[in-house]
Number of protein chains: 2
Amino acid sequence: MYGHQSAALLPASVPQFFTRARGALLWDADGAEYIDYLCAYGPSLLGYAFGPVEEAAARQQASGDAMTGPSPVMVELAEALVSMVSHADWAMFCKNGSDATSMAVMVARAATGRSKILCAENTYHGAAAWSTPRLAGTLPEDRAHIVYYRHHDPDSLRGALQRHAGDVAGVMATSFRHETFRDQEPAPAEFAWAARRLCDEYGALLILDDVRAGFRLARDSSWEVLGVRPDLSAWGKCIANGHAISALLGSDTARAGAASIFVTGSFWFAATAMAAGLETLRHIRETDYLEQIALRGARLRQGLDEIAARRGFCLAQTGPPQMPQILFENDPDFRIGYGFTDACIRRGLYLHPFHNMFLSAAHDDGIIDRSLEAADAAMADLATRCTDLEPHPGALARLGLGR
Amino acid sequence: MYGHQSAALLPASVPQFFTRARGALLWDADGAEYIDYLCAYGPSLLGYAFGPVEEAAARQQASGDAMTGPSPVMVELAEALVSMVSHADWAMFCKNGSDATSMAVMVARAATGRSKILCAENTYHGAAAWSTPRLAGTLPEDRAHIVYYRHHDPDSLRGALQRHAGDVAGVMATSFRHETFRDQEPAPAEFAWAARRLCDEYGALLILDDVRAGFRLARDSSWEVLGVRPDLSAWGKCIANGHAISALLGSDTARAGAASIFVTGSFWFAATAMAAGLETLRHIRETDYLEQIALRGARLRQGLDEIAARRGFCLAQTGPPQMPQILFENDPDFRIGYGFTDACIRRGLYLHPFHNMFLSAAHDDGIIDRSLEAADAAMADLATRCTDLEPHPGALARLGLGR
């Protein structure tokens, strides 16, 4: 297995193949049931197999999906997104997050006639050659015009803009800092304001990568609460509750650039995922899914902290409660975290040892109760095995701690 | 509208939005019915909404689609493809053709430690920055290591390999030459043999782009009939009869390279399109869909030639009968072709004035009969308007004939 769903870097108990998903639950190929805190790494927002979205998708599928042209549902979906996302004046659809971020790079270059794209160091913007985290198969030219600034550091960003003044097409930012193997970090308002101001000052487009966090933090672009509107925003993951679609949204400043590039894909205009998206957006607008997910995330966080204290562990729980990162303090090679995750998975609780997780609206109080019970048992077990834990060889290699 | 489904370059009568598709038929947003010779630009191989594939997809969708890991159906699909495609020892899945061709480029570079990819001039390998036909938004660095050779010209290919000896990672080739606005051209066996021999001589991987033609020319890689096996082949379009999935297949020579790169996408491992693909492959193996499509394509071609002769036109019909290109002789600015297409579309026959078309297994004799009737009426009409035809401004611009 390749890519982000490979179990090679995970504890030995983690299953590689799954046959069924419903609500907050997942069943592996051997029939074992899990409470799933990955939500397909984001796509399940309202819960797996969410009835109203599945019905809308099935209706559209019976009528037409991939056709010789798009369906009118494409226009409805674009209008829905533009009405919900304050900065957006137009929408273009594609399939995966990498399509949307790569398209943002092309639009920024076309709109400005400039080359450089500024990215925060070590930030994942998808697995295209210009951004994939592993360099195998890529060339220096793929990132010749990618310039890195220090995360959430206005001075570093300003320095990069100054060094390349007149040639910066766009500044990429993420909703919040969500790297693997480390604590998550909300975007400081001061950084977001500075990014907007600096982009205006240097004539660069501000691009917000909302692929991972979009609609899990807000019913708008994730920086809207900070009062900052990007020129372009990349969306994906959950905008159609699991159906394959992503989007690039833009403001009028980027419209001519967007209209000038040639991007396409055989399945980019397929109607079924768009109908699913339209129904997903309706639930986003009309229900309290967002507040519920945040509440349940907070309950989980508090419960885990209490269990850890009782069992003699100290957790580092970061990230928004809807997208928790659960690490252990004093665990430099992550052996405690791997041990905990392993013990949880053996008890039907699918947690991740180094990647941010995701809650869905199907993670109700009953699911949280069951999760805390399993976590308590796992931590009790972990406490008895603490001195026997070994670090994971893959994790050591990733951390540069290979022995 | 952006991309290949934009109606901006097409005759005024061409509808932009469609609501329904069934078999060989398509309905636009105003309710008008068309016999569709684009098949969604390839994806519909067995006909739109083909029952057995839709049933398999719906069964999988009810069970699980995008989950936290892949379904076992991914293994079954990989095994099915590897058993059908002679050169293939492994398979990786993605969503669109561009994903598969871009992944091929990365694998070739990783496998060889070299940089250069040789492509035939003007060939479409997808809309990623290294290959999109319009340069807006791209940088010279995106194609710094793409080297162009003359189509089907072994001497040109040899020259390019010699000039970059020791640094050629891969040679891209297409099933057949299928550029827009020109006659199509089958791959000469001599060229295919030379490409294989030269790749071996210079240590480059031979990459066959079968995205457009795969499984419409053969039940194997398209060059298998020529006795030539590539090291990598890119697939997409119809391998799941319209469900969104593409694939890179490779031989063992490229296995380590493929395993070394990091590529992924939120929806690349989604199970529904894989279940649809498995059922599509079963029909490819077990039915005479291929012979039927070729027969119907030949009937259409012969019928159109007879009509044209009777109406005083001379057609240039090229490409395999399953993927016809229908142009007019002595039509340098394509005004006759546009006029014909326009007249056909007004009669419910959706033809394309400059892009290769696609037949599906649903294009039965009744559909061919109706198509020929409509084409006859369109050509009769065209004969009366021949002196009034104007060239399409978009086509003129594309052809560099702007006035």
Would you call A:Pro70 part of a loop (DSSP other than H, G, I, E, B) and either touching a Lys or Arg at 6+ places or on another chain (Cβ under 9 Å) or not polar (S, T, N, Q) (or both)?
-> yes
Given the conditions (1) in contact with a Gly (Cβ under 6 Å, 6 or more places away or on another chain); (2) open to solvent by 10 Å² or more (accessible area, probe 1.4 Å), and given that A:Ala108 satisfies all but one, which numbered condition is not satisfied?
-> (2)
Scanning segment A:308-326 for residues that are in contact with a helix residue (DSSP H, G or I) (Cβ under 9 Å, 6 or more places away or on another chain) and farther than 21 Å from A:Ile293 by Cβ, which turns out surrounded by the fewest Cβ atoms within 10 Å (Cβ to Cβ)?
-> A:Gly312
Only one of B:Gly257, B:Gly250, B:Gly297, B:Gly265 is among the small types (Gly, Ala, Ser), closer than 30 Å to B:Ser371 by Cα and either within 14 Å of chain A (Cβ to nearest Cβ) or open to solvent by less than 20 Å² (accessible area, probe 1.4 Å) (or both), namely B:Gly297
Per the filter on segment A:387-403, residues in a helix (DSSP H, G or I) and open to solvent by less than 50 Å² (accessible area, probe 1.4 Å) are A:Gly394, A:Ala395, A:Leu396
Has segment B:158-171 got any residue that is closer than 27 Å to B:Phe328 by Cα and in a loop (DSSP other than H, G, I, E, B)?
-> no
Residues of segment A:149-175 classified as surrounded by 20 or more Cβ atoms within 10 Å (Cβ to Cβ) and either closer than 18 Å to A:Ala100 by Cα or within 14 Å of chain B (Cβ to nearest Cβ) (or both), total | 8
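Here's the yes/no breakdown for (1) within 14 Å of chain B (Cβ to nearest Cβ); (2) among the acidic types (Asp, Glu); (3) more than 27 Å from A:Phe269 (Cβ to Cβ); (4) not in a loop (DSSP other than H, G, I, E, B):
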residue: A:Glu201; (1), (2), (3), (4): no, yes, yes, yes
residue: A:Arg212; (1), (2), (3), (4): yes, no, no, no
residue: A:Ala218; (1), (2), (3), (4): no, no, yes, no
residue: A:Ser221; (1), (2), (3), (4): no, no, no, no
residue: A:Val225; (1), (2), (3), (4): no, no, yes, yes
residue: A:Cys238; (1), (2), (3), (4): yes, no, no, no
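Across segment A:12-36, which residue is most open to solvent (accessible area, probe 1.4 Å) among those that are more than 9 Å from chain B (Cβ to nearest Cβ) and at pLDDT 95 or above? Steps first, answer last, please.
First, pick out the residues of segment A:12-36 that are more than 9 Å from chain B (Cβ to nearest Cβ): A:12-13, A:23-25, A:30-33, A:35.
Adding the requirement that they be at pLDDT 95 or above leaves A:23-25, A:30-33, A:35.
On the way: A:Gly23: 21, A:Ala24: 5, A:Leu25: 30, A:Asp30: 145, A:Gly31: 53, A:Ala32: 39, A:Glu33: 75, A:Ile35: 5 Å².
Selected residue: A:Asp30.
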Residues that are under 21 Å from the mean Cα position of the chain (by Cα) and facing chain A (nearest Cβ under 8 Å), drawn from segment B:133-148 = B:Pro133, B:Arg134
In segment B:111-129, which residues are open to solvent by 30 Å² or more (accessible area, probe 1.4 Å) and either under 21 Å from B:Arg150 (Cα atoms) or not β-branched (Val, Ile, Thr) (or both)?
-> B:Ala111, B:Gly113, B:Arg114, B:Glu121, B:Asn122, B:Tyr124
Would you confirm whether any residue within segment B:314-333 is closer than 30 Å to A:Ala58 by Cα, assigned to a loop (DSSP other than H, G, I, E, B) and either among the acidic types (Asp, Glu) or within 14 Å of another protein chain (Cβ to nearest Cβ) (or both)?
-> no
Within segment A:45-95, restricting to residues that are in contact (Cβ under 8 Å) with a residue 24 or more places away in the chain and polar (S, T, N, Q), the one that is nearest to A:Ile293 (Cα to Cα) is A:Ser86
All-but-one check, B:Tyr48 against (1) more than 8 Å from chain A (Cβ to nearest Cβ); (2) open to solvent by 10 Å² or more (accessible area, probe 1.4 Å); (3) touching a Lys or Arg at 6+ places or on another chain (Cβ under 8 Å), failing number (1)
Sort through B:Ala57, B:Ala80 and tell me the only one that's of a type in the set (A, V, I, L, M), within 23 Å of A:Cys94 (Cβ to Cβ) and not in a loop (DSSP other than H, G, I, E, B).
-> B:Ala57
Take the residues of segment B:51-77 that are open to solvent by less than 20 Å² (accessible area, probe 1.4 Å) and more than 7 Å from every other protein chain (Cβ to nearest Cβ): which is nearest to B:Ala240 (Cα to Cα)?
-> B:Val53
Do the conditions hold for B:Asp342, that is, is it more than 23 Å from B:Arg216 (Cβ to Cβ), in contact with a helix residue (DSSP H, G or I) (Cβ under 7 Å, 6 or more places away or on another chain), open to solvent by less than 30 Å² (accessible area, probe 1.4 Å) and not basic (Lys, Arg)?
-> no
Of the criteria (1) buried (at least 19 other Cβ atoms within 10 Å of the Cβ); (2) not in a helix (DSSP H, G or I), which one B:His355 fails = (1)
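The values are calculated or read from the model by the stated rules, or taken from the named source; none is laboratory data. Note that the structure is predicted; figures quoted are calculated from it, not measured. For neighbour counting, all protein chains shown are included, and Cβ atoms are generated from backbone atoms with ideal geometry for every residue, glycine included. Just so you know, the surface numbers come from the protein's heavy atoms only, side chains and all, with ligands and any DNA or RNA stripped out. Shrake-Rupley method; radii C 1.70, N 1.55, O 1.52, S 1.80 Å.
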